[in-house]
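Scroll down for the structure; my scribbles are underneath it.
We did not get these values from a lab; they are worked out from the coordinates using the rules stated. All values derive from a computational prediction rather than experimental measurement. Here the Cβ positions follow ideal geometry from the backbone for every residue, glycine too, while neighbour counts run over all protein chains shown.
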Amino acid sequence: MKKLTTNEIRQMWLDFFQTKQHHFLAPVSLIPVDDPSLLWINSGVATLKPYFDGRKTPPAPRLTNSQKAIRTNDIENVGVTARHQTMFEMLGNFSIGDYFKKEAIEFAWELLTSPQWFGISPEKLYITVFNEDEEAYRVWTEVIGIPKERIFALGRDTNFWDVGQGPCGPNTEMFFDRGSQWDPENIGPRLIADDIENDRYIEIWNVVFSQFNNDGNNNYAELPRKNIDTGAGLERIASIFQDTPTNFETDIFWPTIQKVESLCDSKFKYSIENYRHPVKEQTRINTAFKVIADHVRATTFAIADGVFPGNKDRGYIIRRLIRRSSVYGRELGITTSFLYKLVDEVIAAMGEFYPYLKAKRDMIVEAIKTEEEKFLKTLTKGYDTLEKIINDEQTVSAKNALLLFESFGFPIEQTLELAADRGVEVDYTGFENLLEATKIAARDARKDLKAWDKQNELFTKLTINSEFTGWEETTRENSQVVFMFANDQEIQEITDQEGFVILDKTPFYAEKGGQAADAGILIGDNFKAAVIDVQQGPQKQNIHRISVQGTLKVSDIVKAIVDEDKRIYTMKNHSGTHMVHYALRHVLGDTVMQSGSYNDEHGLRMDFTFNRNVTDEELRATEIEVLKRIKEGHPREVYFCNMDDAINKYQALAFFTEKYDEEVRVVKFGDFSSELCGGTHVDNTKDIEDFIITGIESKGSGTFRIKCLTSNETVNEYLQNQFKNYSDEADKIIDKYNTSKEILKSAKLEIIYQELKILEILKDNLEIVKEKLELLKETFKSYEKEANDLITAAKLAQFQNVEPIINQDGINEIRLHTSGLTIKDLKELSDQFRNKFVDLIVILSSTTNEENFLVVGVSESLQDRFKAIEIFKGMKDINPKGGGNANLAQGKY
């Protein structure tokens, strides 16, 4: 059989399907775009969901790709089994309403067995099909000629792909026979027939025939458009062509493992021979090497795609991978940070197909090194925590095992080993149950979002053409209604209600690329309609959601009028988004990556990834840079071109977080900002007029959201509101001051207040007014304490001559009822009396306009016989509510 590198396998796959008229889709980011159901891209087909469910029309009905993916529900198995990976690469070929079972099977067989392609011996291949899928079985046996002893008709559990609600269908799987040496009990093909886990027959390809729709209640209806969805694990196929025991000895991981060998204690070596003659200790050593090699690859790609170690969601996963690797490094005698030293091996193995890794190498290294060094301190705490648990409890409970696992990154194997060394048991079963419960909780949190959208027949057949003219105009006199629908049904007219229309030509922008949809009106002879929203259809038709007064019909000629003010201010903010993106990269460095944005007539926000907090000085520098570019007045340039020209000729930024068309649109300002963008923009940066950053917040995992405003009017309105808010807050403080300034005056407070009030409403004064307000608050806080002490002293002066009486127990007692004293005043008076007189019980009450208060105090010398709280509770005649202790009790009655 051929010996092929991973790069050769991938390229051969893509080349083959391109000869079969499949359109190549470049791999996209691991971070899903517009899909809240996924934490990560978890399969090759995950990025194609809008094509399969009809929301978008694919660039071609036949597609092929090689897509990186991450799955995190089996992290504990990574390194333990032969073929579990955190990140893997899925080779795929897809048909959307084009070919179906016969062609898909023929393509698979040709690629696998033809000497021109993979050249695998047919005798090495075994097949499974769904036991109700007679068509697939017939194609394999009658068309391809697979002997019946090498094809197995199996049940729903293994050969029917179904996620609940949405498209589903039977599948066929292809297995490669690695030989009897991997079948020590000589079970043979029954390993496949009985679905027994084994290392002999390796599944290398799965083809799903997506032909039904599950309504969520397991009622299956034929899809109006049948599809093919396939997946072949690149790592598995590489292990076949490179004849390695597992995926980890392939050219994907082996250089990393060798690098780890050079970094660890010389007594630790990876042993391939261990797979044939396993030794427990060597198995543990091999596992450590595999975990590290897998995790550093996944981490490298995730950071390159903009996910940094953090406390939640994706960031938590990356943090966990780094921590798990670091712990396994200790298994190999490595006690210092080392993972960052492996990034170059990952890039060398993967950089040919993913060249952007090279450009981001320094950022990846820095992020991994910083996190690992931080964790090494945490790891020491983990060891200390485990030591304390063992000493204190002489056992490790399931809860504590999970604590060590989740909080300190301890693999359970590490806890078991350390506990065993000390002769202490670990509740391993309980730990597994708790861990599974946390997994179930995480799955349940997302399961209602997991299923694909139901394939919409109306959208899958929506081939009506529509042209967007809004880059050049905001009013169109003679647009024609070419399609209309409501409640997912095509209609011919609509009267006095809401519906959806498509125009042959429209100036209305559909929401996309972070830009809000246009609003406005449609006018005709017999109707007027408000355009409420505009969204893009499967073939880029702008679909207008309208509310109609009168009657609108298909073929009517309408006047389409975009709300000009909304459009103008949205354009300012969209261009402002490009400016702030440029400026952040200018100030912070080109590791900044935009990860989302939204702009409308009210303002803009942009999400970006960066591996540390942004300082106030850096924000101010960003704002200054944007204002500089606005003032310089750079004209907007627009180019329609292919992706290569966009990047190489026009230096457009492209982060590959989403799929791009064959023709892309580049929006360029000067020589500093060039981005792929389909949105509307100002003609010149000076049209943005003004700019201000109004805030920044962390979204976790190294992601930040910056909020900004543009235009003179909007910025001025913001400044007016901010200054008014600060001024109103200052007025409230000074009003409080005025109620007590007869007792105590503060010249400092009055001066700060006056300085704040006379500040002119200017952008440059915004930080100054904030600082003045904070100083006013701090000064008033000190003043208020001093004034309150004087007020309290004045109120309590009338009680200076009070003397205690001797009660029936022969104890000094002061019992006073007064009015106007707060609970604080009563406590102060109680302290004064107890400091002045010995062996004293104090019972003080006060009536105010709002509430009645009670305080009971007892001298320390009496507390062995009398307790303030007991006296307080014993006053049944007034039934006080409150609490306290032997010294003091307080409350209301």
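Observations on the structure shown:
- Total formal charge among the other residues, if their Cβ is under 11 angstrom from that of residue 160, Lys/Arg +1 and Asp/Glu -1: -3
- A straight chain from residue 559 to residue 266 at 0.36 nm per residue would run longer than the Cα-Cα distance by 97.6 nm.
- More than 16 Å apart - percent of Cα-Cα pairs taken over the stretch 715-795: 50
- (1) 29.6; (2) 33.4; (3) 32.1, with the label sought being that of the calculated Kirkwood radius over Cα pairs in Å: (2)
- Principal-axis tilt of helix 747-757 within the chain, Cα atoms, nearest 10 degrees: 40
- For the chain, DSSP calls about 85 percent of its internal beta bridges antiparallel.
- Förster radius 30 Å - calculated FRET efficiency between residue 694 and residue 356 (Cβ-Cβ, nearest 0.05): 0.40
- Amide H partners (placed H, <5 Å) of residue 226, local residues excluded: 97
- Taking 0.36 nm per residue of separation and subtracting the Cα-Cα distance, full extension of the segment from residue 110 to residue 535 would add 148.8 nm.
- Antiparallel DSSP beta bridges within the stretch 457-585, percent to nearest 5: 95
- Counted by Cβ distance under 13 Å from residue 377, the other residues give a net charge of -1, where Lys and Arg count +1 and Asp and Glu count -1.
- Point-charge dipole on Cβ atoms (K/R +1, D/E -1) for the stretch 602-750, about Cα centre, debye to 20: 560
- Spin-label model distance (nm) - residue 193 vs residue 311, 7 Å beyond Cα toward Cβ: 5.7
- Positive-pole candidate from 108, 410, 355, dipole of the chain, charges at beta carbon: 410
- In Hz, Karplus ³J(HN,Hα) per residue of the stretch 59-68 (6.51, -1.76, 1.60; θ = phi - 60°; x = Gly, Pro): x, 7, x, 10, 9, 9, 7, 9, 10, 5
- Relative to the Cα centre, the charge distribution of the stretch 715-795, modelled as +1 at Lys and Arg Cβ and -1 at Asp and Glu Cβ, gives a dipole magnitude of about 280 debye.
- Sorted ascending by nearby beta carbons within 10 Å, beginning with the fewest, 471, 254 become 471, 254.
- Residues 114, 262, 597, 727, sorted so that the one with the fewest Cβ neighbours within 10 Å comes first: 262, 114, 727, 597
- Between residue 891 and 854, the built amide H atoms are under 5 Å apart, and every one of these is 5 or more places off in sequence or on another chain.
- Computed label-point distance, nm, for sites residue 751 and residue 847 using a 7 Å Cα→Cβ extension: 4.7
- Summing +1 for each Lys or Arg and -1 for each Asp or Glu among the other residues whose beta-carbon sits under 15 angstrom from that of residue 265 gives +2.
- Only the Cβ atoms of Lys and Arg (+1) and of Asp and Glu (-1) were treated as charged; on that basis the dipole of the chain about its Cα centre amounts to roughly 1240 debye.
- Calculated FRET value between residue 413 and residue 1, using beta carbons and R₀ = 45 Å, to 0.05: 0.80
- Take every pair of alpha-carbon atoms less than 8 Å apart whose residues are at least six positions apart; their mean separation over the length of the chain yields a relative contact order of 8 percent.
- Residues of the stretch 695-722 with amide N under 16 Å of a point placed 7 Å along Cα→Cβ from residue 763: 695, 707-722
- Helix 712-740 vs. the chain, principal-axis angle (Cα, 0 to 90°, nearest 10): 30
- A crude spin-label estimate for the pair residue 632 and residue 135, with each label 7 Å from Cα along the Cβ direction, gives 6.0 nm.
- Ranked by the mean number of other Cβ atoms within 10 Å per residue, highest first, peptides 495-507, 9-21 order as 495-507, 9-21.
- 222 nm mean residue ellipticity, helices alone, for the chain (DSSP H n ≥ 4; -39,500 (n - 2.57); rounded to 500): -12000 deg cm²/dmol
- Paramagnetic reach from residue 15 (point 7 Å along Cα→Cβ, amide N under 20 Å) across the stretch 28-71: 63-67
- Rounded to the nearest 10 degrees, the angle from helix 428-450 to the longest Cα principal axis of the chain is 80 degrees.
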